[in-house]
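First up is the structure itself, then whatever we jot down about it.
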Amino acid sequence: MKQRRVAITGIGVVSPLGHDARSTWQGLMARKSGMQKIQQFDASGFPVRFAAEVKNYTPRAVRSGKHHRFTMPFTQFALDAATEALHDAGIHPKTVADNARFGLVAGSGMMTGDFDHLTRFQQAAAFEGAVDWNILQQQGDAFYRLNDFGRTASNSGLSLLIQEFGITGYANSVHTACASGGQALGLAMHVIRRGEADYMLAGGFDSMINPLGVSSFCLLGALSSYNETPETASRPFDGSRNGFVLGEGSAFLVLELWEKAKARGAKIYAELAGEGNTLSSYRITDSHPGGDGANQAIQGALADAGVQPSDVDYINAHGTSTKMNDLSETNAIKAVFGERAYKLPVSSTKSQTGHLIAAAGAIEAAISVLAIQHATVPMTKNQTTPDPACDLDYVAEGPREKSLGVVLSNSFGFGGTNSCLLFKHPEFERGRV
Amino acid sequence: MSDLTRVMITGMGAVSASGMNIEAMWDALLLGNTGIDEIKTADISTWSHRLGGEIKDYQPAKMLPERKLLKAISRQDVLGISAAMQAIEDSQILPYRDGLADRTVFNEKTGVFVGSPGNKYDQQYDFLPLMAKTQNHMQAFGAELMNEVHPMWLLRILPNNVLAYTGITYGFKGANHNVVNHATGGMQALLEAYHAIQSGQADRVVVVAYDVGTDLQASFYYERLGLLSAQHLKPFDMTHDGTILAEGAAALVLESEASAKTRGATTYAEITGGFARTEGSGLFSIEASGDALTELLRQTLDAQKITPDDLAFIVAHGNGNPKSDISEAHAINRVQADVRVPVTGFKWAMGHTLCASGLMDAALAAKALKTRVLPGIENLDAPAKACEHLNLQTKPQALDGDAKHALLINRGFGSMNVTVTMKACDHA
């Protein structure tokens, strides 16, 4: 049975390095860091006071329509990234011949809560800290705002994208913590493969840079505590790494049935040719030290795409800069690639963008595709102290020119979900680029 | 499409206001008993809308594989994990696995697909004492944080806890998804699990969906939006005036036909297809005409190459909201024309469990196909004008015709509509 192939024809990004795909790529190449002191709220009392924020952000366009009353800053990122991706692809759900063949999958964030909303709730119904539901009802007219509910519904972001772009086909939103974005793209690929859609807008969006989100990771001790040197705090695979740096943003790709993209003469960035999707079933936060779970995801992606380990030219790592992830991921790569692992460039762009959580897999997919397009491997910044257990080629010296035929992108989430996406250069054939 | 892998249901579990397992819920449906009652877990005595579908006699320690898990998760997770445990037990896949010389392939080909409600307002309330203490002073909030909030707070509220713990508890390591899409998450998880088996990603999948629709802050908003009834949940009835929110969970074990046959599994029904689509309108919108739903129902039947004559019954979304009921009736009427397929719905018995509701309907529909009995809508007195043409019954009826298929409809915010089709097993 001939499988339907999936082309990537559009890219859109809003990231701590830039407000579009081009400036994000340029930031990566210029070795920039997206980290700085938190600007969005007063974090001066928090154990961790910096993050990778989207800076000086103003929405790309003035948008009209009633649905925009339910927009939050991070769903605005999604609107902009998705708009850029569609524009880049030169297609739109409203203009394709059969609108129902254009679907949408979003990897969405968990923290739909809004701190101002929670503050007003506390003031109205939990002044002493315990909720009194009868008091809430007494103050109901003053407290009630439809927008609060619309902005915090679990599928608020998905609904916004549906309305903005006129989607009437397949629509889904998934959340597996830090693997969400990768899984959204993998799912979208399968929807095209099985014939349910010919075009998919797929990606992720998130921001946990708010008092609750930052608190949640401070409580766990998962964040880097290098408050004095934010720009060097994200140091994946380095011996001195001590946690990740929270980021925010969004990335979307336009996926398209290969023949449709060819037929309209679209620019094909790459083929989304495989997905590995596994569970570690080990622990909630920790990955298996030997890389179990992750290694099956990588193998699954290779098998799904019909390529050999020796075909892989670059891995965009999950590389969070936590002690356990980076060790586990290194060991997973060694388990799959054996001796070749040491000759394979592996880099974590989280060293520059921070960790976009539910959007991480999506922005790293976009970066992987741009790497193929520009024939350049992004670097892992902030490598100063070797970790004897993390001894692969992490591209520490800076971006590296290299022709790329097959690129993998890893995303691993709290809860043990592992997603590995495999991208092929549009002209890749086994044995040569 | 007939050469594709067939997908069978081989295990089922559920918890809801109308029963703590499928058998109890089934009996309640046949007897006409509802679990909807006044909300008892909190004092809302001054509220005009006080009804809900709460789990009776909630004893979380008894519902989990191990007691210590209680500290690591939220109430919604307890429900989901409990339903998953029931379905896995019912399927008897574990004794089969444990007899294998090497379990690696079995575990790596066993997936977990979940419909999750995402986060609930009440999960944020652990921060209220800190906020009360620091009264909007952000620096003090940050400084006092570590003393006031549980260090594992984030882990307790992870929207993928049920997925993670189902994997960890049983060692399943295959393909997985966690769909967070309001009330259609469970049904979409079911559809994706079906496709994962068809495409060979997995040989079997534990599908789980759960929700605590009775989250009170959310209920406050539903009521203000005019979506709730203060008195009853009466699908398609003249007096339908809103839904009643509920908590609950459901789980299915799906298996490829080959996997089920290899171990001689009992099958309840076959999942044959379905689609998830949006109407393309607002977050809280429902198209009054039912046009988009009509198109979806036609698309679903056409893909199966079946007609309304092949349908033994339809399980409607039937949430008691007039606009939803009537648009759903329009769509069913247009698609069925003169056939008058038996139509039922189950929410009158346990309330609207939102994300869990579609999967719960699927479990009960499979039970109907297996036992050849279709529960009625017990509290239907007289159908609303627009629903009069629907073939609705109040009492259980025998399914003694030749039609072998069932069509299920599930709807949610985001103007989402989802269909699933099932077929009775030949030996049933």
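The values are calculated or read from the model by the stated rules, or taken from the named source; none is laboratory data. Because the structure is predicted, anything quoted here is derived from the model rather than measured. Using ideal geometry, Cβ is built from the backbone for each residue, glycine included, and neighbour counts are taken over all protein chains shown. SASA here: full protein model, heavy atoms, side chains in, ligands and nucleic acids out. Shrake-Rupley method; radii C 1.70, N 1.55, O 1.52, S 1.80 Å.
Does residue B:351 satisfy being on the phi > 0 side of the Ramachandran plot and either more than 14 Å from the chain's Cα centre (by Cα) or open to solvent by less than 40 Å² (accessible area, probe 1.4 Å) (or both)?
Values: on the phi > 0 side of the Ramachandran plot: yes; either more than 14 Å from the chain's Cα centre (by Cα) or open to solvent by less than 40 Å² (accessible area, probe 1.4 Å) (or both): yes.
It is true that residue B:351 is on the phi > 0 side of the Ramachandran plot and either more than 14 Å from the chain's Cα centre (by Cα) or open to solvent by less than 40 Å² (accessible area, probe 1.4 Å) (or both).
Determine whether residue B:375 is away from chain A (no Cβ under 14 Å), open to solvent by 20 Å² or more (accessible area, probe 1.4 Å) and either modelled with pLDDT of 95 or more or closer than 23 Å to residue B:214 by Cβ (or both). Give the derivation first.
Working: away from chain A (no Cβ under 14 Å): yes; open to solvent by 20 Å² or more (accessible area, probe 1.4 Å): no; either modelled with pLDDT of 95 or more or closer than 23 Å to residue B:214 by Cβ (or both): yes.
Answer is no for this residue.
Need a quick list: strands (runs of 3 or more DSSP E) entirely within the range B:247-296 having at least 3 residues that are open to solvent by less than 10 Å² (accessible area, probe 1.4 Å) and of a type in the set (Gly, Ala, Ser).
Working: elements: B:247-256, B:269-273, B:276-278.
The strands (runs of 3 or more DSSP E) meeting that bar are B:247-256.
Among what's in the range A:53-112 and is among the hydroxyl-bearing types (Ser, Thr, Tyr) and in a loop (DSSP other than H, G, I, E, B), pick the residue that is nearest to the other protein chains (Cβ to nearest Cβ).
The selected residue is A:112.
Residue A:216 - would you say it is open to solvent by less than 10 Å² (accessible area, probe 1.4 Å), within 13 Å of chain B (Cβ to nearest Cβ) and not hydrophobic (A, V, I, L, M, F, W, C)? First the steps, then the outcome.
Working: open to solvent by less than 10 Å² (accessible area, probe 1.4 Å): yes; within 13 Å of chain B (Cβ to nearest Cβ): yes; not hydrophobic (A, V, I, L, M, F, W, C): yes.
Answer is yes for this residue.
Looking at the range A:260-286, which of its residues are open to solvent by less than 30 Å² (accessible area, probe 1.4 Å) and more than 10 Å from chain B (Cβ to nearest Cβ)?
We begin by selecting, within the range A:260-286, every residue open to solvent by less than 30 Å² (accessible area, probe 1.4 Å); these are A:261, A:266, A:268-281, A:284.
Matches in the range A:260-286: A:261, A:266, A:268, A:269, A:270, A:271, A:272, A:273, A:274.
On the given criteria, is residue B:89 open to solvent by 70 Å² or more (accessible area, probe 1.4 Å), part of a helix (DSSP H, G or I) and either under 23 Å from residue B:261 (Cβ atoms) or of a type in the set (A, V, I, L, M, F, W, C) (or both)? It would help to see each step written out before you state the result.
On the way: open to solvent by 70 Å² or more (accessible area, probe 1.4 Å): yes; part of a helix (DSSP H, G or I): yes; either under 23 Å from residue B:261 (Cβ atoms) or of a type in the set (A, V, I, L, M, F, W, C) (or both): yes.
Yes; evaluated as a whole, the condition is true for this residue.
Taking the range B:34-66 only, how many residues are outside any loop (DSSP other than H, G, I, E, B) and in contact (Cβ under 8 Å) with a residue 24 or more places away in the chain?
Restricting attention to the range B:34-66, the residues satisfying the condition of being outside any loop (DSSP other than H, G, I, E, B) are B:37-38, B:51-53, B:60-63.
Okay, now just the ones that are also in contact (Cβ under 8 Å) with a residue 24 or more places away in the chain, so B:51-53, B:63.
Residues flagged as outside any loop (DSSP other than H, G, I, E, B) and in contact (Cβ under 8 Å) with a residue 24 or more places away in the chain within the range B:34-66 amount to 4.
Looking only at residues that are among the aromatic types (Phe, Trp, Tyr) and in contact with a helix residue (DSSP H, G or I) (Cβ under 8 Å, 6 or more places away or on another chain) in the range B:191-245, which one is surrounded by the fewest Cβ atoms within 10 Å (Cβ to Cβ)?
First, the residues of the range B:191-245 that are among the aromatic types (Phe, Trp, Tyr): B:194, B:210, B:220-222, B:236.
After this cut, where a residue has to be in contact with a helix residue (DSSP H, G or I) (Cβ under 8 Å, 6 or more places away or on another chain) as well, the list is B:210, B:220-221, B:236.
On the way: B:210: 35, B:220: 24, B:221: 20, B:236: 28.
So the residue we want is B:221.
Conditions tested, residue by residue: (1) among the aromatic types (Phe, Trp, Tyr); (2) in contact with a Pro (Cβ under 8 Å, 6 or more places away or on another chain); (3) over 23 Å from residue A:216 (Cα atoms); (4) in contact (Cβ under 8 Å) with a residue 24 or more places away in the chain.
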residue: B:136; (1), (2), (3), (4): no, no, no, no
residue: B:153; (1), (2), (3), (4): yes, no, no, yes
residue: B:163; (1), (2), (3), (4): no, no, no, yes
residue: B:169; (1), (2), (3), (4): no, yes, yes, yes
residue: B:179; (1), (2), (3), (4): no, no, no, yes
residue: B:186; (1), (2), (3), (4): no, no, yes, yes
residue: B:203; (1), (2), (3), (4): no, no, yes, yes
residue: B:212; (1), (2), (3), (4): no, yes, no, yes
residue: B:232; (1), (2), (3), (4): no, no, yes, yes
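Can you tell me which of B:137, B:150, B:182 is at the interface with chain A (Cβ under 8 Å from one of its Cβ atoms) and surrounded by fewer than 24 Cβ atoms within 10 Å (Cβ to Cβ)? First the steps, then the outcome.
Working: B:137 fails: at the interface with chain A (Cβ under 8 Å from one of its Cβ atoms); B:182 fails: surrounded by fewer than 24 Cβ atoms within 10 Å (Cβ to Cβ).
Being at the interface with chain A (Cβ under 8 Å from one of its Cβ atoms) and surrounded by fewer than 24 Cβ atoms within 10 Å (Cβ to Cβ) holds for just one of B:137, B:150, B:182, which is B:150.
Each row is one residue, and each column tells you yes or no for (1) open to solvent by 10 Å² or more (accessible area, probe 1.4 Å); (2) more than 14 Å from chain B (Cβ to nearest Cβ).
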{"site": "A:359", "(1), (2)": "no, yes"}
{"site": "A:371", "(1), (2)": "no, yes"}
{"site": "A:376", "(1), (2)": "yes, yes"}
{"site": "A:385", "(1), (2)": "yes, yes"}
{"site": "A:392", "(1), (2)": "yes, yes"}
{"site": "A:398", "(1), (2)": "no, yes"}
{"site": "A:402", "(1), (2)": "yes, yes"}
{"site": "A:414", "(1), (2)": "yes, no"}
{"site": "A:420", "(1), (2)": "no, no"}
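Mind checking which pairs have a first residue in the range A:135-156 that is in contact (Cβ under 8 Å) with a residue 40 or more places away in the chain and a second that is among the aromatic types (Phe, Trp, Tyr) and assigned to a helix (DSSP H, G or I), Cβ under 6 Å, 6 or more apart or different chains?
If the second residue must be among the aromatic types (Phe, Trp, Tyr) and assigned to a helix (DSSP H, G or I), the pairs left are A:150/A:70; A:151/A:70; A:156/A:70.
Out of all the residues in the range A:172-183, is one or more outside any helix (DSSP H, G or I), surrounded by fewer than 21 Cβ atoms within 10 Å (Cβ to Cβ), facing chain B (nearest Cβ under 9 Å) and of a type outside the set (D, E, K, R)?
no
Looking at the range B:105-119, which of its residues are open to solvent by 10 Å² or more (accessible area, probe 1.4 Å) and either β-branched (Val, Ile, Thr) or part of a strand (DSSP E or B) (or both)?
Hit for the range B:105-119 is B:105, nothing else.
Can you tell me which of B:163, B:158 is in a loop (DSSP other than H, G, I, E, B), of a type in the set (A, V, I, L, M) and at the interface with chain A (Cβ under 8 Å from one of its Cβ atoms)? If you could, list the steps in order and put the result at the bottom.
Numbers: B:163 fails: in a loop (DSSP other than H, G, I, E, B).
It is B:158.
Which residues, taken from the range A:26-36, are open to solvent by 20 Å² or more (accessible area, probe 1.4 Å) and in contact with a Ser or Thr (Cβ under 9 Å, 6 or more places away or on another chain)? I'd like the intermediate steps shown before the answer.
Looking only at the range A:26-36, we keep the residues that are open to solvent by 20 Å² or more (accessible area, probe 1.4 Å), and these are A:26, A:29-33, A:36.
Within the range A:26-36, A:29, A:33 meet the criteria.
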